[in-house]
1. Restricting region 49-73 to residues that are of a type in the set (S, T, N, Q) and under 54 Å from the mean Cα position of the chain (by Cα), which is surrounded by the most Cβ atoms within 10 Å (Cβ to Cβ)?
2. Within the bounds of region 487-501, is there any residue that is assigned by TED's automatic domain parsing to the domain that holds E549, in a helix (DSSP H, G or I), out of contact with any strand residue (DSSP E or B) (no Cβ under 8 Å at 6 or more places or on another chain) and touching a residue at least 40 places away in the same chain (Cβ under 8 Å)?
3. Look at Q554 and say whether it is in the same structural domain as R364 (by TED's automatic domain parsing) and without any contact (Cβ under 8 Å) to a residue 60 or more places away in the chain.
4. Taking region 445-466 as the region of interest, how many residues are free of Cβ contacts under 8 Å to residues at least 40 places away in the same chain and either farther than 15 Å from A404 by Cβ or of a type in the set (S, T, Y) (or both)?
5. Within region 351-392, can you find the residues that are of a type in the set (G, A, S) and outside any strand (DSSP E or B)?
6. For region 79-114, name all the residues that are touching a Ser or Thr at 6+ places or on another chain (Cβ under 7 Å) and either closer than 15 Å to L133 by Cβ or modelled with pLDDT of 90 or more (or both).
7. What are the residues in region 237-263 that are more than 27 Å from S168 (Cβ to Cβ), among the aliphatic types (A, V, I, L, M) and surrounded by 15 or more Cβ atoms within 10 Å (Cβ to Cβ), if any?
8. Scan region 271-302 for residues that are in a strand (DSSP E or B) and more than 19 Å from the chain's Cα centre (by Cα) and jot them down.
Amino acid sequence: MLAGPARGRRESLEEAGREPLPPPSPFALNQLEQRVEAARQDYLDALPIAAAVAYVGEDGRPAIDVSNANFKSLAGLPDVPSGTGARAIPLLVGRIGRALAEFLGGIEGSTEFAGDDGNVVGGRFFTVRLSRLKPNSAAERRCLLTLIDTTSQVETEKNLRSEMLRDSLTGLVNRHGFNERVEEALEQPDFLPGSYAILVLDMTRFSRVNECVGAIAGDELLITFARRLFSALRADDVLARTGGDEFGVLLRLDKGIEDALEVARRIKAVLSTPFRLSELEIRVDCAIGCALLTGSEQLAEEALRNAQFAMKRAKASAGIQVYEPLEARAARRRFSIETELRRAIEADELTLAYQPLVHLPTGRIAGFEALARWNHRERGAIAPAEFIPVAEESGLILALGRWAIDSAAATLASWDRKIGEPLPLSVSVNLSAIQIARDDVAGVVAAALRRTGLAGNRLTLELTESAIIQDPAGALKVLEALKALDSKVAMDDFGTGYTSLAYLQRLPIDNLKIDRSFVTGMLGDKDSTAIVRAVLSLADALGMETTAEGIESQELADAAARMGCCYGQGYHLSPPLHADDALTYWVSRSA
């Protein structure tokens, strides 16, 4: 049947009164189809890639109409006769065959995807393109199928990826590869919370070994250490090197956490034998942290951090620690406080509260202790017991200490101006051991005195026994520099540390502050009373004054006064006060 232009020409001839052209004979049609068939074959053979024309056969399944030599070579067949079903060609079984059937049954004009021949070993990979062809007399649904062999590219990418996910020294999976294995475990359909665990191991003394025997011997130790770890694991456990001397293990748990602890104990056991490096025999242990995988919403990196957090806690005992979420939340809160404390110091958002020091024999106010306070605009009041340790750990205590000295001196000078004369008061500021070791405390005090015009004896610096124990000689230099400014020095929380009496005799200390734990127990505990009497006798012998901390009742105040204590401090006498309230309190008590 003729269509299109041929039919139009016949109709135009009839309209002109001429005889129409006779229809072509079957022989002519056969020759035409052969020429078209040959042209299609020539076109396909001219393509540098594997190509074939696929169609939907009479059975409703994809079949190959015509193909080129490249296609036949990839198909592994010497010839692919027209009409060969796709299922008879191994190359078109699997994803490519399914995609071909779906495309022929759909309406898309073209599509492209990555496919393979389905072979696990020695398989080939392709970029597959399907382009719809116009129907002909043989088939309504046809398409051009082309295959671009990407096997070399895929293999190269696989090799590069394998290198990227593997540690070059030990041959183990590296941190990125380990995280991928953890992600795979989390995404398994049968995953249950607690069905997997991560162990993180940190080798003890490795840096010391590296320093003593060199990097090459250190690398040898790492390799041997990794082999020992591998020998302690089960067949399906995953061992990785996640850091310099840190290793990770992914475990499947059949009996819960006990499986992980059992593996950890085996690791400890295999490390008990000394390592031999050249002529040296070295004993190496490790700290082990364990964290359970809790759910598919958890990230692999987060799970690894949990195990690392437990491992850091295990370093103190060189043992095995299991991750506790409450402890981790507390650590995250400390980190958050560190960030916000830095901003608070820079923005001058902290304040000082002033707690009176009362002369017990007369009841007069002798001075105030300046105490840092932080009222967070979102979290509310944050206790000094929470943010002071964070400040010490992060080094922010230096900026915090300088601010406290400057603010306390400025407040005392402002009180003098309000009253119109220098007050018979001093202000005490606490010093941290870190300030003693790392800051120019005397220089900070001297600058504060110059700015405010205060006499040195009106500023008292308080330090704990721990600040002295860490570096007695350094502490002595700092205290002598403070005494050269005529400032006073008090030892806070006396009795809770281990200060040598020889150092106590040498240190220029003006006041011993007796720790509240002894003062509050004086009324009912003979031992506490004996300790307080001993401290009072020692202070008297050394020519020092004393302050009883923790005066929470009148009975304690009376008892401390009878025993000969000079000053008292505590909530019974007065809580810490705002600067203006503290001045008002002094004025009222002085009147």
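1. Going through region 49-73, the residues of a type in the set (S, T, N, Q) turn out to be 67-68, 70, 73.
In the following step, the residues that additionally are under 54 Å from the mean Cα position of the chain (by Cα) were identified as 70, 73.
Working: N70: 19, S73: 11.
Top of the filtered list is N70.
2. no
3. Answer is yes for this residue.
4. 8
5. In the first step, residues of region 351-392 are kept if they are of a type in the set (G, A, S); the result is 353, 363, 366-367, 370, 372, 380-381, 383, 385, 391.
Correct list: G363, A383, A385, A391.
6. Here is the first cut: in region 79-114, the residues touching a Ser or Thr at 6+ places or on another chain (Cβ under 7 Å) are 80, 103, 110, 112, 114.
F103, S110, E112, A114, listed by residue number.
7. In the first step, residues of region 237-263 are kept if they are more than 27 Å from S168 (Cβ to Cβ); the result is 252-262.
Adding the requirement that they be among the aliphatic types (A, V, I, L, M) leaves 253, 257, 260-261.
Hits for region 237-263 are L253, A260, L261.
8. Our first condition is that a residue be in a strand (DSSP E or B); within region 271-302, this holds for 275-277, 280-282, 286-292.
Hits for region 271-302 are F275, R276, L277, L280, E281, I282, C286.
The values are calculated or read from the model by the stated rules, or taken from the named source; none is laboratory data. What you see is a predicted model, and the numbers here were worked out from it, not measured in a lab. Heads up, the Cβs are rebuilt from the backbone with ideal geometry, glycines too, and the neighbour counts pull from every protein chain shown.
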